[in-house]
């Protein structure tokens, strides 16, 4: 009876989504909030299934998923425990959070882009193998669907007289659709007011960096990373300090010493699939990174360039989904799901930061493509983007 009272309220199975996913998310929440401490034993899969009134296979799947991501560890002949590698859950930070110091203070890594262009130009050579950095296969795009939705968006824009340069209505519709998608699929607690639209990840990085950085600021980057991002930071006068990598991704254990050695303003990281190694940062290091960002008051710029494509288990939730964090700016894109022709990226940040980003974007980037924004909003709201992703994921996995 004691076990029943403990585990049923902790995991809260309500039928809103797959049971195994609710078990995983319940465990992650309980560990992150300190209600389950490192080393805490979990009931066996058979016992937990009886306690939660679910199939044992559901519990096995949930335990395996949580163990893969570093939240749990299985010890032979002893059972399953909360991972000892995790830091104890930290309570919400009391008092006012120090806001980002916004400063006014840009050439990209031309060689990197030229190398990609040269590779693409030779793609059709007989016997050539083409290696790129993860572009989608445009042959898999649902052309008939895209034609129909663009035609409908164009017709609607003409009738509402919003086809002119930019439209607040289409921007708001797309930001609302993206907010719904991010809440449902990535557990980000955001609304339309937290989202700033741009025309590609490169543009998002440039915009965020121009708002956060001033000459002399220190930016932490992983030893292997995205060269154009480094170029953006350098053009703004930032000093780059590298963090080493190992088989689990970024060496977060080095950050505390680096932060004591330098006054770190920002860290740029790709934790879901580290670029270019594709390693996923495990749960313990994620917790440690967020805690260090809080302690040393630096901003984490999280680029999640291909969240949709993860072929072993479910994708890791973004750093920005942690309810206690106040230091993460999240950058995502629709160019990976729909191809580079569809230039739509987005920045997720606190409202006060988003307001500054939008003002800067209005001055430097102008207004967006109203027709394209409406089309993308409709694709998300009608579930067509989700259907397309299910279809191409099967093909890419194969």
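The values are calculated or read from the model by the stated rules, or taken from the named source; none is laboratory data. Keep in mind it's a predicted model, so treat the numbers as computed, not measured. Because the Cβ atoms are built from the backbone with ideal geometry, glycine has one as well, and the counts that use them run over all protein chains shown.
Checked against (1) surrounded by fewer than 17 Cβ atoms within 10 Å (Cβ to Cβ); (2) out of contact with any helix residue (DSSP H, G or I) (no Cβ under 8 Å at 6 or more places or on another chain), residue 29 passes all but a single condition, namely (1). Is it the case that some residue within region 353-370 is crowded, with 23+ Cβ neighbours inside 10 Å and closer than 21 Å to residue 250 by Cβ? For region 353-370, residues crowded, with 23+ Cβ neighbours inside 10 Å and closer than 21 Å to residue 250 by Cβ: absent.
Going by the conditions given, is residue 44 on the phi > 0 side of the Ramachandran plot and either at pLDDT 85 or above or touching a helix residue (DSSP H, G or I) at 6+ places or on another chain (Cβ under 9 Å) (or both)?
no
If the condition is being surrounded by fewer than 17 Cβ atoms within 10 Å (Cβ to Cβ) and under 29 Å from residue 324 (Cβ atoms), then region 188-217 contributes 189, 191, 192, 193, 214.
Taken as a whole, the structure leaves residue 217 outside the set of residues that are closer than 21 Å to residue 295 by Cα and out of contact with any strand residue (DSSP E or B) (no Cβ under 9 Å at 6 or more places or on another chain).
Is at least one residue of region 31-44 within 29 Å of the chain's Cα centre (by Cα), closer than 25 Å to residue 248 by Cβ and assigned to a helix (DSSP H, G or I)? For region 31-44, residues within 29 Å of the chain's Cα centre (by Cα), closer than 25 Å to residue 248 by Cβ and assigned to a helix (DSSP H, G or I): present.
Is region 314-321 home to any residue that is more than 21 Å from residue 220 (Cα to Cα) and either at pLDDT 95 or above or touching a strand residue (DSSP E or B) at 6+ places or on another chain (Cβ under 7 Å) (or both)? No. Yes or no: region 58-73 includes at least one residue that is over 27 Å from the mean Cα position of the chain (by Cα), modelled with pLDDT under 90 and either buried (at least 19 other Cβ atoms within 10 Å of the Cβ) or outside any strand (DSSP E or B) (or both). The answer is no, given that none of the residues of region 58-73 is over 27 Å from the mean Cα position of the chain (by Cα), modelled with pLDDT under 90 and either buried (at least 19 other Cβ atoms within 10 Å of the Cβ) or outside any strand (DSSP E or B) (or both).
Checking each residue of region 242-252 against the condition of being in contact with a strand residue (DSSP E or B) (Cβ under 9 Å, 6 or more places away or on another chain), modelled with pLDDT of 95 or more, more than 18 Å from residue 346 (Cβ to Cβ) and part of a helix (DSSP H, G or I) gives at least one match.
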